[in-house]
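Notes to accompany the following structure.
The values are calculated or read from the model by the stated rules, or taken from the named source; none is laboratory data. This one's a predicted model, so the numbers in the text were calculated from it and none came from an experiment. Every residue, glycine among them, receives a Cβ derived from its backbone with ideal geometry; neighbour counts consider all protein chains shown. Surface accessibility is based on the protein's heavy atoms, side chains included, excluding ligands, DNA and RNA. Shrake-Rupley method; radii C 1.70, N 1.55, O 1.52, S 1.80 Å.
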Protein chains: 2
Amino acid sequence: MAVRKLGRTPYKQQIADDLREQIADGSLSPGDQLPTEAELEKRYGVARGTVRQGIEILINEGLVVSARPKGHFVRERKPMVFRPQAEFRPRPYTPEMDAFMTESSADGREARQTIEVSIVEAPAEVAKRLQLDAGQLVAVRRRVRFLDGEPFNINDSYFPLDLVQDSEIMRPQNITQGANEVLADLGYRQVRALDELYVRMPTPEEVKRLDLSPGTPVGYHVCTGFTEEGKAVRVAVTVLPGDRHVVSYERRRETDPAS
Amino acid sequence: MAVRKLGRTPYKQQIADDLREQIADGSLSPGDQLPTEAELEKRYGVARGTVRQGIEILINEGLVVSARPKGHFVRERKPMVFRPQAEFRPRPYTPEMDAFMTESSADGREARQTIEVSIVEAPAEVAKRLQLDAGQLVAVRRRVRFLDGEPFNINDSYFPLDLVQDSEIMRPQNITQGANEVLADLGYRQVRALDELYVRMPTPEEVKRLDLSPGTPVGYHVCTGFTEEGKAVRVAVTVLPGDRHVVSYERRRETDPAS
DNA sequence: AAGTGGTCTAGACCACAAT
DNA sequence: TTGTGGTCTAGACCACTTT
């Protein structure tokens with residue numbers, strides 16, 4: 001049981017490896033409490049700081065969470081599916097609900113979202129994709145979505161201000177038929193979208209808004225929608241906590257001659 | 001300059017926040033060295049351990065890397081685009097190259113990959129998607145791809161053994177026209193693919209194979225290819241380091257009546 | 001009151017690469 | 001040889017929740 005003295009692997013590594021192994025082989029199941037730090041101190045014969053460094057490794061791998069002051073626990077995961085394609089699908093009419101709400105409540109979960117609408121200077125990232133000059137104004141709908149009371153993802157949608165001024169998009173409420181449909185009614189039907197997905201660690205702000213535990217990376221999904229004429233009319237930025245999402249989509253073979 | 005005594009934010013947090021701020025506002029640019037630990041110790045008036053904890057936070061956010069024993073540095077990023085759609089596109093004929101190699105060298109970078117082929121019992125994850133029973137045998141092509149000498153991603157492709165036995169897929173060499181084409185020649189042309197993308201921290205094994213630095217999450221991309229008849233004939237698992245990739249794809253509006 | 005983890009200190013020794 | 005960060009120890013005090 002003593003884990004000291006080995007090749008030249010640091011103790012903290014050995015401790016992390018040992019516990020990770022126990023998680024992998026089921027000796028420790030999701031939801032189980034790890035031995036207390038005091039206990040591990042004795043088991044491995046090292047100082048408390050070293051035990052903590054070992055646990056720290058597992059926390060940063062997303063395998064363990066700390067529930068103070070109860071102890072450390074093996075993390076449980078229950079990702080939900082995220083389908084970018086859903087945005088383009090026709091949807092049933094359900095007043096006071098938009099795509100997210102509709103999809104989610106279909107799963108029998110309690111869906112809710114907060115909405116803020118404001119007018120801001122386009123962030124560089126957005127301006128570039130909307131083919132605007134830096135500093136031009138855009139309308140933004142910021143939403144935080146909750147599922148069963150837990151924050152689930154962030155979705156900020158940007159629109160060129162002149163397109164949506166005075167439209168339903170500017171009102172901080174759910175849009176029954178979806179913002180895309182409103183945009184279409186205004187003469188800007190989107191027929192094509194470019195999706196980009198980045199994988200990175202969250203910013204401190206994202207950690208707060210989404211209540212992320214350490215070791216949780218996020219997907220950063222940027223979707224730019226274009227009209228038939230090739231005009232970019234919408235940029236949607238979605239932040240997807242890795243522990244709550246699977247991005248899923250389907251593809252069909254492109255028409256390609258031969259080969 | 002002294003950062004002590006504040007509301008009740010831990011010193012290590014204040015230190016991390018201070019340095020993060022400097023990175024954000026450009027006082028510290030990508031590639032710059034951070035002040036040494038000894039220097040920060042003096043600047044903030046705390047013990048070295050506390051300084052290290054502050055830096056640790058930034059490392060786990062992926063903002064800082066340690067280049068021992070030179071010092072800590074602001075991380076540089078240069079993601080490359082990853083396009084799942086590329087697999088389905090017709091490609092120019094270039095002997096000894098497959099999709100990855102072709103795409104990459106088009107960018108003027110030196111591409112290389114290692115290939116191992118073996119026959120294994122299907123891992124549960126793969127068996128499920130190939131609609132096989134647990135423990136059935138599959139052929140797997142494991143590749144590690146390098147760009148300019150750096151490991152770039154891992155791609156493991158699984159095929160039901162009976163489909164590909166004795167085909168070119170079993171040989172540990174580049175497949176000129178692509179494995180999908182070989183499969184098509186064998187009578188299993190894929191017309192549809194289901195993509196799933198998970199975002200998580202890497203396993204220690206992935207860290208080693210891809211030489212990831214701490215604070216680097218990965219995208220875990222599982223692509224299942226189906227024939228016209230709906231038979232799953234291929235599962236490709238790709239591990240994409242977040243600091244080297246952007247996943248990108250395009251969508252067109254699905255044909256939907258009205259709404 | 002007891003027990004958990006969270007933070008911090010002070011000091012020690014080590015490995016590694018540049019000088 | 002020097003200076004960097006990496007590891008480890010021993011001990012202290014704190015905050016929070018449960019008992």
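What are the pairs with Cβ atoms under 7 angstrom where one residue, in segment B:138-161, is under 18 Å from B:Leu212 (Cβ atoms) and the other, located anywhere, is among the small types (Gly, Ala, Ser) and buried (at least 21 other Cβ atoms within 10 Å of the Cβ)? Sequence gap at least six, or different chains.
Hits for this filter: B:Leu147/B:Ser104; B:Asn155/B:Ala236.
Taking the conditions exactly as written (in contact with a helix residue (DSSP H, G or I) (Cβ under 9 Å, 6 or more places away or on another chain) and within 12 Å of DNA strand D (Cβ to nearest atom)), does A:Glu61 satisfy them or not? Steps first, answer last, please.
Details: in contact with a helix residue (DSSP H, G or I) (Cβ under 9 Å, 6 or more places away or on another chain): yes; within 12 Å of DNA strand D (Cβ to nearest atom): no.
No; evaluated as a whole, the condition is false for this residue.
Given (1) out of contact with any Ser or Thr (no Cβ under 8 Å at 6 or more places or on another chain); (2) open to solvent by less than 40 Å² (accessible area, probe 1.4 Å); (3) modelled with pLDDT under 95, identify the lone condition not met by B:Pro69.
Answer for B:Pro69: the failing condition is (2).
Somewhere in segment A:150-159, is a residue in a loop (DSSP other than H, G, I, E, B) and open to solvent by 30 Å² or more (accessible area, probe 1.4 Å)? I'd like the intermediate steps shown before the answer.
Taking segment A:150-159 first, the residues in a loop (DSSP other than H, G, I, E, B) are none.
No.
In this structure, does B:Ala139 turn out to be part of a strand (DSSP E or B), small (Gly, Ala, Ser) and in contact with a helix residue (DSSP H, G or I) (Cβ under 7 Å, 6 or more places away or on another chain)? Lay out the reasoning, then the answer.
Details: part of a strand (DSSP E or B): yes; small (Gly, Ala, Ser): yes; in contact with a helix residue (DSSP H, G or I) (Cβ under 7 Å, 6 or more places away or on another chain): yes.
Here the answer is yes, as B:Ala139 does meet what is asked.
Take B:Arg234 and decide whether it is part of a strand (DSSP E or B), in contact with a strand residue (DSSP E or B) (Cβ under 7 Å, 6 or more places away or on another chain), more than 10 Å from every other protein chain (Cβ to nearest Cβ) and charged (D, E, K, R). Explain how you work it out, then say what you get.
Numbers: part of a strand (DSSP E or B): yes; in contact with a strand residue (DSSP E or B) (Cβ under 7 Å, 6 or more places away or on another chain): yes; more than 10 Å from every other protein chain (Cβ to nearest Cβ): yes; charged (D, E, K, R): yes.
Yes; evaluated as a whole, the condition is true for this residue.
For residues in segment A:27-53 being within 14 Å of another protein chain (Cβ to nearest Cβ) and over 15 Å from A:Gly71 (Cβ atoms), which is farthest from DNA strand D (Cβ to nearest atom)? Walk me through it before giving the result.
Within segment A:27-53, the subset within 14 Å of another protein chain (Cβ to nearest Cβ) is A:47-50, A:52-53.
Then keep just the ones that are over 15 Å from A:Gly71 (Cβ atoms); that gives A:47, A:49-50, A:53.
On the way: A:Ala47: 3, A:Gly49: 3, A:Thr50: 3, A:Gln53: 6 Å.
Per the stated criteria, the residue is A:Gln53.
Would you mind telling me which numbered condition in (1) on the phi < 0 side of the Ramachandran plot; (2) within 8 Å of chain B (Cβ to nearest Cβ); (3) open to solvent by less than 60 Å² (accessible area, probe 1.4 Å) A:Ala184 fails?
Going through the list (1) on the phi < 0 side of the Ramachandran plot; (2) within 8 Å of chain B (Cβ to nearest Cβ); (3) open to solvent by less than 60 Å² (accessible area, probe 1.4 Å), A:Ala184 breaks only (2).
Residue check: is A:Tyr198 closer than 20 Å to B:Arg253 by Cα, at the interface with chain B (Cβ under 10 Å from one of its Cβ atoms), in contact with a Pro (Cβ under 8 Å, 6 or more places away or on another chain) and in contact (Cβ under 8 Å) with a residue 24 or more places away in the chain?
Values: closer than 20 Å to B:Arg253 by Cα: no; at the interface with chain B (Cβ under 10 Å from one of its Cβ atoms): yes; in contact with a Pro (Cβ under 8 Å, 6 or more places away or on another chain): yes; in contact (Cβ under 8 Å) with a residue 24 or more places away in the chain: yes.
Spelling it out, it is not the case that A:Tyr198 is closer than 20 Å to B:Arg253 by Cα, at the interface with chain B (Cβ under 10 Å from one of its Cβ atoms), in contact with a Pro (Cβ under 8 Å, 6 or more places away or on another chain) and in contact (Cβ under 8 Å) with a residue 24 or more places away in the chain.
Counting only residues that are assigned to a loop (DSSP other than H, G, I, E, B) and crowded, with 22+ Cβ neighbours inside 10 Å, which one in segment B:203-231 is farthest from the other protein chains (Cβ to nearest Cβ)? Lay out the reasoning, then the answer.
Here is the first cut: in segment B:203-231, the residues assigned to a loop (DSSP other than H, G, I, E, B) are B:203, B:211-217, B:228-231.
Checking the rest, the ones that are also crowded, with 22+ Cβ neighbours inside 10 Å come to B:215-217.
Numbers: B:Gly215: 6, B:Thr216: 8, B:Pro217: 3 Å.
Only one residue fits best here, namely B:Thr216.
Does A:Val144 satisfy the condition of being closer than 30 Å to A:Gly62 by Cβ and among the hydrophobic types (A, V, I, L, M, F, W, C)? If you could, list the steps in order and put the result at the bottom.
Details: closer than 30 Å to A:Gly62 by Cβ: yes; among the hydrophobic types (A, V, I, L, M, F, W, C): yes.
In short, yes.
Going by the structure shown, is A:Asp25 open to solvent by 30 Å² or more (accessible area, probe 1.4 Å), away from DNA strand C (no atom under 12 Å from the Cβ) and touching a strand residue (DSSP E or B) at 6+ places or on another chain (Cβ under 8 Å)? I'd like the intermediate steps shown before the answer.
Working: open to solvent by 30 Å² or more (accessible area, probe 1.4 Å): yes; away from DNA strand C (no atom under 12 Å from the Cβ): yes; touching a strand residue (DSSP E or B) at 6+ places or on another chain (Cβ under 8 Å): no.
So A:Asp25 fails the test.
Check segment B:3-22 and report whether any residue there is at pLDDT below 95, more than 12 Å from DNA strand C (Cβ to nearest atom) and surrounded by fewer than 16 Cβ atoms within 10 Å (Cβ to Cβ).
Looking for residues that are at pLDDT below 95, more than 12 Å from DNA strand C (Cβ to nearest atom) and surrounded by fewer than 16 Cβ atoms within 10 Å (Cβ to Cβ), one finds none in segment B:3-22, hence no.
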